[in-house]
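K.L.:
This is the structure, below, for whatever I ask next.
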Amino acid sequence: MPLWRRLAVPAGVLAAVAGAFAYVGAVDPDEPGHYPVCPLYRITGLYCPGCGGLRSAHAFVHGDLVTALHDNAPAVAAYLGFAVLWTLWTVRAVRGRPLRLDLGPAQLYGIGALLLVFTVVRNLPFGGWLHP
């Protein structure tokens, strides 16, 4: 298979993610009316693990890492994780090998547990510093 075909999907995914980040970077989530409010927050007043993700992405695009981490630290970890995985995927595609992610139940439960703890702590009185 030619190299351009092996790189087509990783390039398409990168273009889509870059486009999404460019849009969020250009359209400030703090301006009302541009993005919908989180349904969980609107109904219950509780922050979900994704609350603040758009603000975090906006700050990340503008190079404000401290604000990005404050708005949603797991999202910043996900941005960096995506960058690493995309790089590995591209390198393996160039070499003609598929990317294999062998996340077992322990790793998936661990990620879920971290997100659950993050969600609970950010909604407790002493977790106010984790509010977006």
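K.L.:
Of the residues in segment 114-124, how many are open to solvent by 90 Å² or more (accessible area, probe 1.4 Å) and in contact with a helix residue (DSSP H, G or I) (Cβ under 9 Å, 6 or more places away or on another chain)?
P.N.:
1
K.L.:
While we're here: Could you count how many residues in segment 100-113 are closer than 25 Å to A8 by Cα and either in contact (Cβ under 8 Å) with a residue 60 or more places away in the chain or open to solvent by less than 60 Å² (accessible area, probe 1.4 Å) (or both)?
P.N.:
0
K.L.:
Further question on the same structure: Given the condition open to solvent by less than 70 Å² (accessible area, probe 1.4 Å), part of a loop (DSSP other than H, G, I, E, B) and free of Cβ contacts under 8 Å to residues at least 40 places away in the same chain, answer yes or no: does some residue in segment 3-26 qualify?
P.N.:
no
K.L.:
Go through segment 8-56 and give me each residue that's touching a His at 6+ places or on another chain (Cβ under 7 Å) and aliphatic (A, V, I, L, M).
P.N.:
V24, V27
K.L.:
Have a look at H58, H70 and point out the one that is closer than 26 Å to V121 by Cβ, open to solvent by less than 40 Å² (accessible area, probe 1.4 Å), within 16 Å of the chain's Cα centre (by Cα) and not small (G, A, S).
P.N.:
None of the others qualify; the one that does is H58.
K.L.:
From (1) farther than 25 Å from V61 by Cα; (2) of a type outside the set (G, A, S); (3) at pLDDT 95 or above, pick out the condition that doesn't hold for L103.
P.N.:
The failed condition is (3).
K.L.:
How many residues does segment 27-36 contain that are open to solvent by 70 Å² or more (accessible area, probe 1.4 Å) and either at pLDDT 95 or above or on the phi < 0 side of the Ramachandran plot (or both)?
P.N.:
Of the residues in that region, 5 qualify.
K.L.:
Among (1) modelled with pLDDT under 95; (2) within 28 Å of L114 (Cα to Cα); (3) open to solvent by 50 Å² or more (accessible area, probe 1.4 Å), which single condition is C48 missing?
P.N.:
Checking C48 against (1) modelled with pLDDT under 95; (2) within 28 Å of L114 (Cα to Cα); (3) open to solvent by 50 Å² or more (accessible area, probe 1.4 Å), the one that fails is (3).
The values are calculated or read from the model by the stated rules, or taken from the named source; none is laboratory data. In this text the structure is predicted, and so the values were computed from the model without any measurement. Glycine gets a Cβ as well: all are built from the backbone with ideal geometry, and neighbour counts include every protein chain shown. When the accessible area is computed, the model is the full protein with side chains, heavy atoms only, and any ligands, DNA or RNA have been set aside. Shrake-Rupley method; radii C 1.70, N 1.55, O 1.52, S 1.80 Å.
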